[in-house]
Amino acid sequence: MAAGLRYSETGEGEAVLCLGHDGQALAATHRVIAVDITSGGPVNGLRHLIEDLGITAANIVARGAGAGLALAFAAAHPQNVLRLALVAPARLTEDTILCPVLILGEAEVPASMPRARVEGASDIDAQLASFLTRRLSGFDNRELRSAFGSFMTGVTIVTTTGVDGGPRGFTANSFTSVSLEPPLLMICIGKQAASMETFRRARGFAVNILSEAQKDTSVLFASKRHDKFEAASWRPGPFGNPLIEGSAAWFDCARYQVIDAGDHIILMGHIEAFSYSDANPLGYARGHYITLGLEQAAVNAASSASRTVVGAILENDNRLVLLPDPSRPSGLALPEVGRLGPSGSASQLHDLLQREGLDATLGFLFAVFENPGTREQCIYYRGEALLHARGRTVLADFEDIPWDRLPDEATRSMLRRYAAERKIGRFKVYSGDHRQGTVKAVD
Ligand SMILES: Cc1cc2nc3c(=O)[nH]c(=O)nc-3n(C[C@H](O)[C@H](O)[C@H](O)COP(=O)(O)O)c2cc1C
């Protein structure tokens with residue numbers, strides 16, 4: 001019994017509230033909550049029930065008279081209803097219902113339910129099972145995520161203090177400035193995040209906008225590690241939330257509003273204090289970090305008096321693309337221009353790739369450094385390549401790179417880093433010299 005409504009519960013998985021319908025057959029795949037709708041106050045009772053059970057959004061299956069309650073609930077609390085199935089509904093209302101609706105029985109679909117469909121009730125259990133396991137969006141989520149990832153953002157760490165007084169935080173790029181008067185901002189946190197509940201209940205939170213020297217901090221706070229704050233430098237902000245040292249800016253906020261939004265919640269904060277520095281902010285797009293300093297370092301390198309080598313770390317079918325090095329017998333090199341003779345440029349690199357039968361898509365910059373042996377300025381992009389013709393191309397497994405056939409330690413060192421980073425699926429762009437690989441300060 002919760003909130004005045006009697007119920008019984010069985011099974012595990014996504015929640016299904018059964019109103020006037022025996023949902024036992026669904027318990028194999030779902031957490032079925034059979035509610036005795038004669039036992040308490042209707043719409044509010046249901047709302048309290050799912051809150052008490054710790055459910056943010058549930059499916060509803062309603063039969064006969066239960067349909068009226070289900071429709072009223074879905075209209076009043078759309079954020080709490082994933083899908084609505086009505087079995088032989090007594091009557092349909094004109095309420096606006098935007099979630100997918102399945103009506104089993106005789107009915108005409110009202111215009112107020114644009115995602116409703118009517119089916120004859122032939123095998124109700126099978127029809128319900130199929131409806132309740134159908135995807136909500138109809139999209140491939142990986143594709144949708146990739147499309148979202150085309151929007152270039154900064155990177156933040158959002159922090160708060162848990163009920164135990166300990167600091168909590170996670171990496172987020174869903175930050176948006178909202179309003180100047182009053183001063184508001186927002187971020188989204190996924191419901192699967194370990195710290196979601198802490199943030200949902202917190203009296204406030206801080207948003208730390210990372211600088212380009214803080215890629216490692218971003219990776220740390222995107223992890224599930226329990227010692228995130230032991231591994232980072234931080235201090236309490238004026239409003240009490242943890243501030244990460246070295247950030248490009250921070251905003252210490254009081255809780256303003258928490259909005260339920262699908263598989264995330266939106267945290268809106270009222271800014272109580274803020275500060276910013278002139279450090280370059282860290283960028284993020286298509287799953288990769290971007291640093292303005294690296295772009296600037298590439299411009300400086302290309303316009304410097306020294307010779308410039310422009311090259312590419314290309315992958316074909318998960319293997320590294322290498323070419324014979326004409327200056328050394330049995331030597332290999334990355335596709336690159338400018339090593340012999342005058343400085344190379346990006347357009348010369350494209351010409352070389354075409355000549356070698358490589359249809360390459362160059363992505364972001366991977367490294368900019370001065371080769372200490374040759375004093376050359378080296379600029380390397382990373383990307384993917386299709387092979388039109390095998391030609392002179394050598395494809396090397398990353399576990400088996402022919403290190404001794406590569407031209408120098410600078411190339412080896414950069415490729416070792418590349419191989420290590422691709423293994424863990426992330427690319428840290430860096431500039432500096434080939435040993436330290438740290439971000440070069442740009443004046
Ligand atoms: C660049 C980047 C941006 C991210 N943005 C978000 C975000 O906006 N919201 C979110 O919930 N998770 C985001 N994540 C994932 C979280 O940081 C990650 O799930 C983290 O483990 C959550 O921490 P917790 O489970 O300890 O709470 C992002 C990760 C990265 C690397």
Practice problem: Rank Tyr284, Leu53, Ser174 by how far each Cα sits towards the positive end of the charge dipole of the chain (+1 on Lys, Arg Cβ; -1 on Asp, Glu Cβ) and give me just the farthest. | Solution: Tyr284
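What's the magnitude of the charge dipole for segment 288-441 around its Cα centre, counting Lys and Arg as +1 and Asp and Glu as -1 at the beta-carbon? Answer in Debye, nearest 20. Each step should come with its number before you reach the end.
Numbers: 19 positive and 19 negative charges, 49 e Å.
Dipole magnitude for segment 288-441 comes out near 240 debye.
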Quiz item: Comparing Ser343, Ser137, Ser233, which has the greatest mean-square fluctuation in the GNM of the chain with Cα pairs linked when under 10 Å apart?
Solution: Ser137
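Based on Cβ point charges of +1 for Lys and Arg and -1 for Asp and Glu, what charge dipole magnitude is obtained for the chain about its Cα centre, in debye rounded to the nearest 20? Show your work: numbers first, answer last.
On the way: 43 positive and 49 negative charges, 109 e Å.
It comes to approximately 520 debye.
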Quiz item: Most exposed first by the Cβ proxy, i.e. fewest other Cβ within 10 Å, how do Phe366, Phe139, Phe131 rank?
Solution: Phe139, Phe131, Phe366
Quiz item: Along the charge dipole of segment 288-441, which of Ser306, Leu349, Leu332 sits closest to the positive end, that is, farthest toward it, with unit charges on the beta carbon of Lys, Arg, Asp and Glu (+1, +1, -1, -1)?
Solution: Ser306
Quiz item: Taking neighbour counts of Cβ atoms within 10 Å as a proxy for exposure, in what order, fewest first, do Cys99, Cys18 appear?
Solution: Cys99, Cys18
Quiz prompt | segment 354-386: GluC sites (Glu not before Pro) in DSSP loop, at most 11 other beta carbons within 10 Å | solution = none
Quiz prompt | Value of D in µm² per second that Stokes-Einstein yields for segment 288-441, Kirkwood Rh from Cα pairs, at 4 °C (1.567 mPa s) | solution = 84
Quiz item: Toward the positive end of the charge dipole of the chain, about the Cα centre and with charges on Cβ (Lys, Arg +1; Asp, Glu -1), which of Ala297, Pro236, Leu386 goes farthest?
Solution: Ala297
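Sum -39500 (n - 2.57) across every DSSP H segment of at least 4 residues in the chain, then divide by the residue count to get the 222 nm mean residue ellipticity, nearest 500. Intermediate values should be presented prior to the final figure.
On the way: 9 runs with 90 residues, N = 443.
When only DSSP H runs of four or more count, the value is -6000 deg cm²/dmol.
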Quiz item: Per the Debye formula with a single identical scatterer at each Cα and no solvent contribution, what log10 I(q)/I(0) holds for segment 7-132 at q = 0.17, 0.23 Å⁻¹?
Solution: -0.78, -1.53
Practice problem: Report ³J(HN,Hα) in whole Hz for each residue of segment 273-278, in order, from the Karplus equation J = 6.51 cos²θ - 1.76 cosθ + 1.60 where θ = phi - 60°; Gly and Pro get x. | Solution: 7, 7, 7, 8, 10, 9
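Taking the beta-carbon count within 10 Å as an exposure proxy, list Thr361, Thr308, Thr156 from fewest neighbours to most. Don't skip to the answer; put the middle values down first.
Details: Thr361 10, Thr308 20, Thr156 31.
Least crowded to most crowded, the residues run Thr361, Thr308, Thr156.
Charges only on Cβ, +1 for Lys and Arg, -1 for Asp and Glu: so what's the dipole of segment 202-314 about the Cα centre, in debye to the nearest 20? The partial results should precede the final answer.
Numbers: 9 positive and 11 negative charges, 41 e Å.
So the magnitude is around 200 debye.
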Exercise. Take the alpha carbon gyration tensor of segment 106-149, find the square roots of its eigenvalues, order them as a ≥ b ≥ c, and report rounded if a/c is under 1.5; if not, report prolate when a/b exceeds b/c, else oblate.
Key: oblate
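Antiparallel versus total DSSP beta bridges in the chain: what percent is that, nearest 5? Walk me through the numbers before you get to the answer.
Values: 74 of 108 bridges.
Antiparallel bridges make up about 70 percent of those DSSP assigns within the chain.
In the neighborhood of Arg117, defined by Cβ-to-Cβ distances under 13 Å, what is the net charge if each Lys or Arg adds +1 and each Asp or Glu adds -1?
Numbers: positive: Arg83, Arg115, Arg134; negative: Glu108, Glu119.
Taking every other residue near Arg117 into account, the sum is +1.
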Practice problem: Could you check how many percent of all C-alpha pairs in the chain are farther apart than 39 Å? | Solution: 43
Quiz item: When the convex hull of the Cα atoms of segment 150-279 is projected onto a plane and the area is averaged over all directions, what value comes out in nm²?
Solution: 7.8
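Here, each number is a calculation from the coordinates, and none is a lab measurement. Keep in mind the model is a prediction, meaning the values are calculated, not measured. Every residue, glycine among them, receives a Cβ derived from its backbone with ideal geometry; neighbour counts consider all protein chains shown.
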